[in-house]
1. Listing 134, 66 from the residue with the fewest other Cβ atoms within 10 Å to the one with the most, what is the order?
2. Which whole-number percent gives the relative contact order of the chain, counting Cα pairs below 8 Å spaced six or more residues apart?
3. Rounded to the nearest 10 degrees, what's the angle between the helix 244-260 long axis and the longest principal axis of the chain, both from Cα atoms, 0 to 90?
4. Using a ≥ b ≥ c from the Cα gyration tensor of the chain (square roots of the eigenvalues), is it rounded, prolate or oblate, where a/c under 1.5 gives rounded and otherwise the larger of a/b and b/c decides, a/b for prolate?
5. To the nearest 10 degrees, how steeply does helix 100-114 sit against the main Cα axis of the chain, on a 0 to 90 scale?
6. Would you work out if the stretch 9-158 is rounded, prolate or oblate? Take a ≥ b ≥ c from the square roots of the eigenvalues of the alpha-carbon gyration tensor; rounded if a/c is under 1.5, else prolate when a/b is larger than b/c, oblate otherwise.
7. Between residue 23 and residue 233, take the C-beta separation as r, use R0 = 45 Å, and let me know the FRET efficiency to the nearest 0.05.
8. Please report 16, 214, 106 as a ranked list, fewest other C-beta atoms within 10 angstrom at the top and most at the bottom.
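Every number in this text was worked out from the coordinates using simple rules, so none of it is lab data. Keep in mind it's a predicted model, so treat the numbers as computed, not measured. In this analysis, Cβ positions are derived from the backbone assuming ideal geometry, glycine residues included, and neighbour counts consider all displayed protein chains.
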Ligand code: KIV
């Protein structure tokens with residue numbers, strides 16, 4: 001229970017119980033107070049303050065440019081809105097790879113300055129030391145395997161990962177390692193559904209898929225994609241639950257027309 005109110009907050013422990021009971025976990029991104037409030041009130045289990053904010057919020061082509069300070073700003077705004085969901089924050093590119101002390105400092109800043117509940121980072125064996133060090137400070141860590149957007153310049157493309165046996169084997173080894181190190185869960189992005197299902201069956205910690213089929217323990221989508229706010233991005237795995245871009249466009253057009261016609265404000269809308 002939260003110490004502040006009677007709403008039962010989602011914890012990493014609850015997520016592992018959900019996996020045990022076969023209850024699917026629903027996770028969505030949010031980057032600001034207003035959206036996070038709506039998403040939390042709707043009952044999502046996990047809110048990810050993803051470094052996809054780099055694309056969605058800031059208009060960058062990749063997730064690489066977003067800074068730790070940017071992520072802290074987004075995460076603190078989200079945490080202020082949330083009363084139930086577990087809030088996980090992405091460690092941005094360049095703040096945890098290759099230097100476990102820096103990784104710990106980055107994770108501590110996120111926890112101290114935002115009030116979030118956990119951090120997420122991309123990679124397996126190559127980020128082992130960073131994971132160990134962050135966990136040693138009592139900070140819950142979520143992994144991220146498969147398509148890892150921070151490595152886009154190594155991959156060269158956003159196509160499905162781990163189709164070949166060698167990469168699939170490596171992914172399984174990395175998943176096992178993340179579990180052994182003590183990660184409470186992991187995202188697996190854009191890999192064949194069969195492989196993701198095998199990984200979910202192989203480890204006890206929850207596997208949250210994005211473009212990884214239905215045989216995993218939960219799903220995550222980028223909020224602006226599933227609401228139809230972003231328009232250019234339409235991979236096969238994306239289900240659009242709304243066409244908000246059209247609705248916003250229509251509403252703004254109506255507003256402009258009303259202002260020009262001196263229909264807004266009317267008598268009741270003034271003092
Ligand atoms: O940054 C993000 O939004 C993510 C999700 C795609 C899982 O990492």
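1. So the residues, fewest neighbours to most, are 66, 134.
2. With pairs under 8 Å counted, the relative contact order is 15 percent.
3. Its long axis makes an angle of about 20 degrees.
4. Prolate, since a/c reaches 1.5 and a/b exceeds b/c.
5. 30
6. Rounded.
7. E(calc), rounded to 0.05, equals 0.95.
8. By the 10 Å Cβ count, ascending, the order reads 214, 16, 106.
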